[in-house]
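Report on the structure given below.
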Amino acid sequence: MTEARIIDGKAFAAGLRARIGGEVAELRERHGLVPGLAVVLVGEDPASQVYVRNKGRATLEAGMRSFEHRLEAGTDQATLLALIDRLNRDPEVHGILVQLPLPSGIDPSAVIRAIDPAKDVDGFHPVNAGLLAQGLPGLVPCTPLGCLMLLRDALGDLAGLRALVLGRSTIVGRPMAQLLLGADCTVTLAHSRTRDLPEECRRADILVAAVGRPEMVRGDWIRPGATVIDVGINRVPAAEPGKTRLVGDVRFDEAAAVAGAITPVPGGVGPMTIACLLHNTVLAARASHGLHRFGRD
Ligand code: NDP
């Protein structure tokens, strides 16, 4: 039986995108500024193609400019770096996103470092990671930023709450932990070497699962009344032969019977990622016109 309140990320993201659309219209009217996002895709990975298409569509729907650069799978690193250099210098481009994963032979960290930190709307550049670690304003990775927005909406002030982040990737887990620390939570960052993970999880008022293991977090890992944010997106076989379905990193039915609030998969964190990408692009565009300041400025 589901008891937890369902945190509707889809509805929240739709509202955020509408607000961003309004902000973009105002920037255009008052400052003649049209935020522009360049998305670079190397190769033909089917999932990446869908993500890139969705990002382009959402960018246009918000009234921004979208620049898509599709490079063939055999593209070498120097060619990709030359494109990034061009985009760094293009005044119409305020945000640059290179879709990951990149084909083997291209070093993703070299590519991320080549992006101008002021245009790094994914928030993966070491300068932005450093600003976040120091609690200074910068461009913050989209998925954890979306999780924080959902948490603030569900709980209001997060100060003093015990938060456990499961997973320490630079894309989700680490920046999530930094954001929760910035919100004055008491933060535990758990990973594959954590001892007695279920017990660590049971202490948490907020549990963010970003581990990439289908339904790993069970109901009895969750403190009654806790807020559960499930970042995981895992495709698993469905009951019907030959079909698949999406599940998170949390066993939803079990968790929903114990938690106070929980995000579903799909329809929870997923839609927030693109909305936050648009949010970051607007921030980058505003900063380029002196309408916003980052910690490095
Ligand atoms: P990574 O694979 O980069 O990181 C997984 C983390 O989980 C690592 O820190 C790893 O620990 C830890 N881990 C793995 N197995 C265990 C285990 N058995 N016990 C404890 N910890 C474990 O994944 P990402 O952070 O990129 O993604 C996590 C999930 O979020 C995936 O399902 C991904 O699809 C999803 N995702 C969703 C997004 C969205 O838009 N909603 C965006 C990005 C990701 P260690 O460091 O010790 O190896």
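Values in this text are rule-based calculations from the coordinates and carry no lab data. Note that the structure is a prediction, hence the values are computed from the model and not measured. Ideal geometry is used to build each Cβ from the backbone, glycine not excepted, and the neighbour counts take in all protein chains shown.
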Rounded to the nearest whole Å³, what is the per residue volume of the convex hull around the Cα atoms of the range 31-118?
81 Å³
Cys with no candidate disulfide partner in the chain (beta-carbon separation under 4.7 Å rule)
C147, C185, C201
What share of the DSSP beta bridges in the chain is antiparallel, in percent to the nearest 5?
10 percent
For the chain, calculated [θ]222 nm from helices alone, where every DSSP H run of n ≥ 4 adds -39500 (n - 2.57):
-12500 deg cm²/dmol
For the range 140-271, state the semi-axes of the equivalent ellipsoid (square roots of 5 times the eigenvalues of the alpha-carbon gyration tensor), sorted largest first and rounded to whole angstrom.
23, 16, 14
Environment charge of A183, counting only residues whose C-beta is closer than 9 Å and scoring Lys/Arg +1, Asp/Glu -1:
-1
May I have the extent of the alpha carbons of the chain along their three principal axes, as whole Å values ordered from largest to smallest?
52, 44, 33
Alpha carbon Rg of the range 1-59, scaled by the compact-globule rule 2.2 N^0.38 Å:
1.59
Subtracting the Cα-Cα distance from 0.36 nm times the residue separation, let me have the gained length for T170 to H191 in nm, one decimal.
6.3 nm
Please state, as a whole number in µm²/s, the translational diffusion coefficient that the Stokes-Einstein equation yields for the range 89-163 at 25 °C and 0.890 mPa s, with Rh defined as the Kirkwood radius across alpha carbon pairs.
173 µm²/s
So the FRET efficiency between E68 and D297, C-beta based with R0 = 25 Å and rounded to 0.05, is 0.30
Which residue, A78, A47, A14, tops the fluctuation ranking in a GNM of the chain built on C-alpha contacts under 10 Å?
A47
Expected sort for 19-32, 155-168, 220-233 on mean C-beta neighbours within 10 Å, highest first, is 220-233, 155-168, 19-32
On a C-alpha basis, how far is the centre of the range 162-221 from the centre of the range 262-282 in Å? Whole number, if you could?
19 Å
